[in-house]
Amino acid sequence: MLKYVLAVVAAIILIVFGLVWFSGKKAEVKLARPVAAIGTSTTVLVQVNDPAGVKRFTAAVEQNGQKQKLFEDTSKSKQKGVIYSFDAGQKQASFLKEGPATLILQAKSNDFRGATTTLEQSVNVVLKPPTIVADGHQHYINQGGSELVVLDLGGNWTEAGVRVANYSAGTFPMPGEPDSSNHRFSLFPFPWDVSAQTIPLAFARNGAGTEVTTTFWVKVFPKKFRASNIQLNDRELQKVVGELDPSGSGSLIDRFVKINREMRRANAQQIYELHNNTEHRILWNGPFIPIKGARESYFADRRSYYYNGKKVDEQVHLGYDLAATTNMPVKAANSGKVIWADRLGIYGNCVIIDHGYSLESLYGHMSKIGVKVGDTVQKEQQIGISGSTGMAFGDHVHFSMLVDGVQIDPKEWWDEHWIHDRILSKIGPNATAETAKAAARPVSTAHPEAAVHKHHKKHRG
């Protein structure tokens, strides 16, 4: 009898052991961020996920039959997810030459089975650094404005541009030259919230992360931006909250403040991401035309919001609020291509036009949109009708301009002499030819009808 019981127990143990053994999952090994190339010394991040933790992790590099261990961790982590960081490159493996190589990543599960997962990642070894030379022009920059610098790149580079504090803008080939050209320019913003003492840096980086930088001659003119107070009332709060947060909970003022902060940030990110949808050519011609109407707020106004005598929020308004009549026609400031024509959070019914080389104009709070994404529009073509959609308390148009996804003061682009001196004169005769072509491009949509009423209504928003 005892033998029978022991046999049954042994069988159960074998079954359980077998189930554990064969049902055990291997560790999941993946790059925490993409690595296409390694250079002299490139930091690599690897994420390992395993319900039992990781008993051992190793990383090696192999090229032309030679192999070198780069990193090993035997701390037997019990965490389900671990990120390992190590350096890979010629400094760690002296035999590496320019060309293809393989990263070999292995993780052993911290359980009874101890299964090992191996990931082999193809990489390119890039040892030649980039080079960069900036033009010799004098660059006069307005705080909150924009500027253009011409760059000559060389060596091995995959990315280049201009960095101003934490903001960066990319490059484009000079007009008429192929995308592969090393003779390029960067149209970049000098954001309103960056100190006028900040020195812009032109940079070039290769696929392995090796970066070189250079300065160029600049003089930045500091600007003093306006401040204003907005007194909120329940009618205005209900208008905004009912439109933008109909299913929310909490008091009217709490919901308004949440919209003013969180939705504003989310919308800024949406707008920023659109800068990649730009044409690599000039779509505009001549100075941009200001929307007609009284300017009731200015670029980078710092607004303090008050409710029942108490300050509840503070935000910066990045654009101009313009009003002349209720339901006035809204016209494109210049020629371009529509890349957004839809609701956009606090901006309500909104149109964004790409003018080429990451230059954009934005029109918000409209009651009606008269164009669609993909339409080609001409300067002063009607694109909609003004209104009070989004975070607006009266009929008007919010107008702003952007460079590389960052809102800048449009005033410079209203000035034909500034455009010639700061932009066109630097990027050559082909740029002037592109503006002439832009002026001749056909319109791809008809003007919407507009019902115009002859009175002006003060607004805030």
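Per-residue ellipticity at 222 nm for the chain, helices alone: DSSP H runs ≥ 4 residues times -39500 (n - 2.57), over residue total, nearest 500 deg cm²/dmol? Write down the numbers at each step before the final one.
On the way: 6 runs with 66 residues, N = 461.
Taken over the chain, the calculation gives -4500 deg cm²/dmol.
Can you grab the distance from the C-alpha centre of region 363-416 to the C-alpha centre of region 42-69, Å, no decimals?
If you average the Cα positions of each part, the centres end up 51 Å apart.
Helix 234-244 sits at what angle to the longest principal axis of the chain, using alpha carbons and giving 0 to 90 degrees rounded to 10?
On a 0 to 90 degree scale, this one is about 50.
Report the equivalent ellipsoid semi-axes for region 25-125 in whole Å, largest first, defined as the square roots of five times the eigenvalues of the gyration tensor built from alpha carbon atoms.
Values: eigenvalues 128, 29, 24 Å².
After scaling each eigenvalue by five and taking roots: 25, 12, 11 Å.
Name the long-range amide H neighbours of ILE383: under 5 Å, sequence gap of 5 or more, or other chain; modelled H, no Pro or chain starts.
Here VAL330, LYS331, ALA332 satisfy the definition.
Subtracting the Cα-Cα distance from 0.36 nm times the residue separation, let me have the gained length for GLN197 to ASN229 in nm, one decimal.
Values: separation 32, 0.36 × 32 = 11.52 nm, distance 2.86 nm.
Working it through step by step, the gained length comes to 8.7 nm.
In straight Cα distance, which lysines are under 19 Å from LYS311, not counting same-chain residues fewer than 8 positions off?
LYS258
Can you check what the net charge comes to around ALA202, using other residues whose Cβ is under 13 Å from the Cβ of ALA202 (Lys, Arg +1; Asp, Glu -1)?
Working: positive: ARG163, ARG184, ARG205; negative: ASP135, GLU147, ASP152, GLU159, GLU211.
Combined, the nearby Lys, Arg, Asp and Glu give -2.
Between (1) 34, 30, 24; (2) 53, 23, 20; (3) 52, 34, 20, which entry matches semi-axes √(5λ) of the Cα gyration tensor in Å as derived from the coordinates of this structure?
Looking at semi-axes √(5λ) of the Cα gyration tensor in Å for this model, the match is (3).
From the phi of every residue in region 290-307, what ³J(HN,Hα) in whole Hz does the Karplus formula 6.51 cos²θ - 1.76 cosθ + 1.60 yield, where θ is phi - 60° and glycine or proline is x?
My calculation for region 290-307 gives x, 5, 6, x, 6, 8, 9, 7, 10, 5, 6, 4, 8, 9, 9, 9, 10, 9 Hz in order.
In debye to the nearest 20, how big a dipole does the chain give about its Cα centre with +1 on each Lys and Arg Cβ and -1 on each Asp and Glu Cβ? Don't skip to the end; give the middle numbers.
Numbers: 53 positive and 44 negative charges, 266 e Å.
My answer is approximately 1280 debye.
Tabulate in residue order the Karplus-calculated ³J(HN,Hα) for region 137-144, using 6.51 cos²θ - 1.76 cosθ + 1.60 with θ = phi - 60°, rounded to whole Hz; enter x for Gly and Pro.
The phi angles translate into 6, 8, 10, 9, 10, 8, 4, x Hz.
Given SER367, ASN260, THR210, which one lies farthest toward the positive end of the charge dipole of the chain, if we put +1 on the Cβ of every Lys and Arg and -1 on the Cβ of every Asp and Glu?
ASN260
List the residues whose amide H sits under 5 Å from the amide H of SER77, counting only those 5 or more places along or on another chain, with H placed 1.01 Å from N in the peptide plane.
Counting only residues 5 or more places away or on other chains, the set is VAL54.
Per-residue counts of other Cβ atoms within 10 Å, averaged by peptide: what ranking do you get for 260-266, 162-168, highest first? Spell out each step's value before the answer.
Details: 260-266: 14.7, 162-168: 17.9.
Packing order, densest peptide first, comes out as 162-168, 260-266.
Along region 102-113, what does the Karplus equation 6.51 cos²θ - 1.76 cosθ + 1.60 (θ = phi - 60°) give for ³J(HN,Hα), rounded to whole Hz, x for Gly and Pro?
9, 8, 10, 10, 10, 10, 10, 5, 8, 10, 4, 6
Would any residue of region 384-425 have its amide N under 18 Å from a label point 7 Å out along Cα→Cβ of LYS219? List them or say none.
Label zone hits: 418-419, 421-423.
Kindly rank 408-414, 217-223 from highest to lowest mean number of other beta carbons found within 10 Å of each residue.
On the way: 408-414: 21.6, 217-223: 13.6.
Final packing ranking: 408-414, 217-223.
Once Lys and Arg get +1 and Asp and Glu get -1 on their Cβ, which of SER249, MET401, ALA324 lies farthest toward the positive end of the dipole of the chain?
Of the candidates, SER249 comes out farthest on the positive side.
What does the charge dipole of region 25-125 about its Cα centre add up to, to the nearest 20 debye, if the Cβ of each Lys and Arg holds +1 and the Cβ of each Asp and Glu holds -1?
360 debye
How much length is gained if the chain between SER249 and SER122 is pulled fully straight, taking 0.36 nm per residue apart and subtracting their Cα-Cα distance, in nm to one decimal? Before the final figure, lay out the partial values.
Working: separation 127, 0.36 × 127 = 45.72 nm, distance 5.07 nm.
That pair, SER249 and SER122, stretches by 40.7 nm at full extension.
Angle, helix 264-273 long axis vs. longest principal axis of the chain, Cα atoms, 0 to 90°, nearest 10?
It works out to around 80 degrees.
For ILE408, what residues show an amide H to amide H distance below 5 Å, using hydrogens built from the backbone and excluding near sequence neighbours?
MET401, LEU402, VAL403
Here, each number is a calculation from the coordinates, and none is a lab measurement. What you see is a predicted model, and the numbers here were worked out from it, not measured in a lab. Cβ: placed from backbone, ideal geometry, glycine included. Neighbour counts: every protein chain shown.
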